[in-house]
Amino acid sequence: MSSSLPPVSPPVICLAGPTAAGKSASTLALAERWPMEIINVDSATIYRGMDIGTAKPSLKEQAQVPQHLLDIRDPAQSYSAAEFRADTLRLIDDIRSRGRIPLLAGGTMMYYKALRDGLDDLPQADPALRAELEARAAIQGWPALHAELALLDPATAARLAPNDSQRIQRALEICQLTGQPMSALLQRDQRKPDDNDNQYLTISLEPSDRAALHARIEQRFDAMLARGLIDEVRGLRARPDLHPGLPSVRCVGYRQMWAHLDGEVDLDTAREQGIAATRQLAKRQITWLRAQPDRVIVDCLAADAVAQTIDAVAVALAGRS
């Protein structure tokens with residue numbers, strides 16, 4: 001007697017890991033073995049003209065397999081986690097409609113969280129209010145606005161550094177738009193899970209030796225400098241509509257080279273700061289990944305890391321097509 005149950009869709013493969021973990025090599029190897037399309041989970045490679053410092057897939061790599069969410073914004077524009085979630089859910093459906101498998105790959109953990117857990121029901125950004133807060137910060141400094149936030153929303157202020165301009169601005173914006181502290185809204189809000197009921201498999205490329213990953217990060221940063229990172233940043237800095245307060249310019253590597261070109265630090269110092277900031281980013285990425293209970297761990301430093309990744313996906317896809 002034949003079953004009337006509908007076929008089970010294969011899981012959405014999520015290949016996550018810290019910067020310099022080797023995600024690109026595993027991604028291309030998976031796409032060679034199965035009919036996959038890549039959805040890039042990266043808050044930096046979305047920007048046009050920012051190729052070297054973001055380690056964006058080369059044109060050759062992009063020609064090997066369909067890739068999505070690359071070069072979708074000008075550096076003067078923003079792109080929210082909510083926009084990523086909406087775009088990705090649509091892309092997952094589109095890719096599956098072509099009989100192919102979605103492969104999410106990247107290291108922006110906020111995007112993974114937004115996709116799988118849903119988003120808080122917080123107000124949209126208010127450009128006029130943000131401009132007002134930035135103008136005040138230019139005069140008073142962000143620590144002064146942080147002190148103001150501590151009076152309005154002590155819980156949020158306690159977890160933010162006095163110079164964390166982006167998050168201080170957002171928290172004050174929410175206070176003024178809603179009349180309530182952001183911490184209270186987050187506590188009350190009911191998260192909306194993936195309403196498409198997708199199943200996800202997270203393969204986490206994690207280092208068995210943090211020092212070895214740090215060495216990789218340093219080598220990769222130096223390779224970016226050799227490829228022309230400073231010239232890339234110089235071209236961005238020449239644009240009158242770009243400034244250090246934008247999310248694009250705040251990307252790791254870019255903000256340090258921008259400060260160097262502004263004369264704030266010499267090149268050696270900017271290099272050291274860029275490497276240190278990249279290592280801190282990797283630490284945050286690893287911390288987030290290790291809090292995920294359902295991930296499949298692959299040692300990114302292992303000689304057979306790519307083969308292990310392929311095996312993990314093969315197990316997940318077996319009998320699910």
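Values as computed for the structure displayed
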item	result
Per-region count, segment 197-236, residues touching a residue at least 24 places away in the same chain (Cβ under 8 Å), outside any helix (DSSP H, G or I) and among the acidic types (Asp, Glu)	2
Number of positions in segment 253-281 that are without any contact (Cβ under 8 Å) to a residue 60 or more places away in the chain, surrounded by 20 or more Cβ atoms within 10 Å (Cβ to Cβ) and β-branched (Val, Ile, Thr)	1
Failed item in (1) in contact (Cβ under 8 Å) with a residue 24 or more places away in the chain; (2) open to solvent by 70 Å² or more (accessible area, probe 1.4 Å), with ALA302 passing the rest	(2)
Some residue of segment 2-16 being surrounded by fewer than 21 Cβ atoms within 10 Å (Cβ to Cβ), in contact (Cβ under 8 Å) with a residue 12 or more places away in the chain, in contact with a helix residue (DSSP H, G or I) (Cβ under 6 Å, 6 or more places away or on another chain) and closer than 22 Å to ALA226 by Cβ	no
Hey, ALA44 of a type in the set (A, V, I, L, M) and more than 17 Å from TYR111 (Cα to Cα) or not	no
Residue among TYR79, TYR111 that alone is at pLDDT below 95 and open to solvent by less than 10 Å² (accessible area, probe 1.4 Å)	TYR111
Residues within segment 241-274 that are under 17 Å from SER78 (Cα atoms) and either touching a strand residue (DSSP E or B) at 6+ places or on another chain (Cβ under 9 Å) or not in a helix (DSSP H, G or I) (or both), tallied	12
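The values are calculated or read from the model by the stated rules, or taken from the named source; none is laboratory data. Since this is a predicted model, take the numbers as computed values, not measurements. Cβ: placed from backbone, ideal geometry, glycine included. Neighbour counts: every protein chain shown. In case anyone asks, the SASA skips ligands and DNA or RNA and just uses the protein heavy atoms, side chains included. Shrake-Rupley method; radii C 1.70, N 1.55, O 1.52, S 1.80 Å.
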